[in-house]
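First up is the structure itself, then whatever we jot down about it.
The values are calculated or read from the model by the stated rules, or taken from the named source; none is laboratory data. A quick note: this is a predicted structure, and the numbers were derived from the prediction, not measured. Backbone-built Cβ (ideal geometry, glycine too); neighbour counts: all protein chains shown. In case anyone asks, the SASA skips ligands and DNA or RNA and just uses the protein heavy atoms, side chains included. Shrake-Rupley method; radii C 1.70, N 1.55, O 1.52, S 1.80 Å.
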Amino acid sequence: RIDLKSTQQPFAIVLGCSDSRVPAEIVFDQGLGDLFVIRVAGNIVAPSQIGSVEFAADRTGARLVVVLGHSRCGAILATLEELARPSKEQSRNLRSIVERIQPAIQPILVSQITPTDDALIRRAVRANVTGSVSHLRHGSDILERLIQTEGLVIVGAEYCLETGVVEFFESV
């Protein structure tokens, strides 16, 4: 802790879900200063998250960004529930999260959405991670430049709550 008081040099940036069961430092068995962690429900990419990734990549030199989703994600479940039965009681703040997840999962939805369908939830979690990876890769001039000139890599992964295993996606 004392050695880190004046500078940080994390080797990776993790954009993960704010779910209390998925703390990136513990999931990846890392200590203070190893990871620059950004947590938000549903590991969504909004301007503040893009800015945080830009800051970390530009200022700390980290050249790996991991978008970390997880099984049984509550934000994904809330999005599926909202798409199945729109609610007038949903706050505009929660709606802003749902609206960021919806475009990523819309292509995998069938005509009848069943928020209790485990296979659908798994596909939706992965689609959301893939969408967030794509958004980071193509939604920031700074990140695009760092990818092209500095070797920045942005990948997706899913943490399984049931097994504790992290699976990295080859296709993103």
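Does Ser71 count as of a type in the set (S, T, N, Q) and open to solvent by 30 Å² or more (accessible area, probe 1.4 Å)? Here the answer is no, as Ser71 does not meet what is asked.
Looking only at segment 134-172, which residues are closer than 16 Å to Ala56 by Cα, touching a residue at least 24 places away in the same chain (Cβ under 8 Å) and of a type in the set (A, V, I, L, M, F, W, C)? Of everything in segment 134-172, those that are closer than 16 Å to Ala56 by Cα, touching a residue at least 24 places away in the same chain (Cβ under 8 Å) and of a type in the set (A, V, I, L, M, F, W, C) turn out to be Leu136, Ile142, Leu143, Leu146, Leu152, Val153, Ile154, Val155. For segment 139-172, a residue qualifies if it is open to solvent by 80 Å² or more (accessible area, probe 1.4 Å) and either modelled with pLDDT under 95 or over 16 Å from Gln49 (Cα atoms) (or both), and the qualifying residues are Arg145, Gln148, Thr149, Glu150, Glu162, Thr163, Val165, Glu167, Phe168, Glu170, Ser171. Among the residues of segment 124-133, the one identified as open to solvent by 30 Å² or more (accessible area, probe 1.4 Å) and either of a type in the set (S, T, N, Q) or free of Cβ contacts under 8 Å to residues at least 12 places away in the same chain (or both) is Thr130. Only one of the numbered conditions (1) at pLDDT 95 or above; (2) open to solvent by 70 Å² or more (accessible area, probe 1.4 Å); (3) of a type in the set (A, V, I, L, M, F, W, C) is violated by Leu32, and that is (1). Looking across Ala62, Ala57, one residue alone is crowded, with 17+ Cβ neighbours inside 10 Å, at pLDDT 95 or above and not in a loop (DSSP other than H, G, I, E, B). It is Ala57.
Out of Ile105, Ile97, one residue alone is open to solvent by less than 20 Å² (accessible area, probe 1.4 Å) and of a type in the set (Val, Ile, Thr). It is Ile105.
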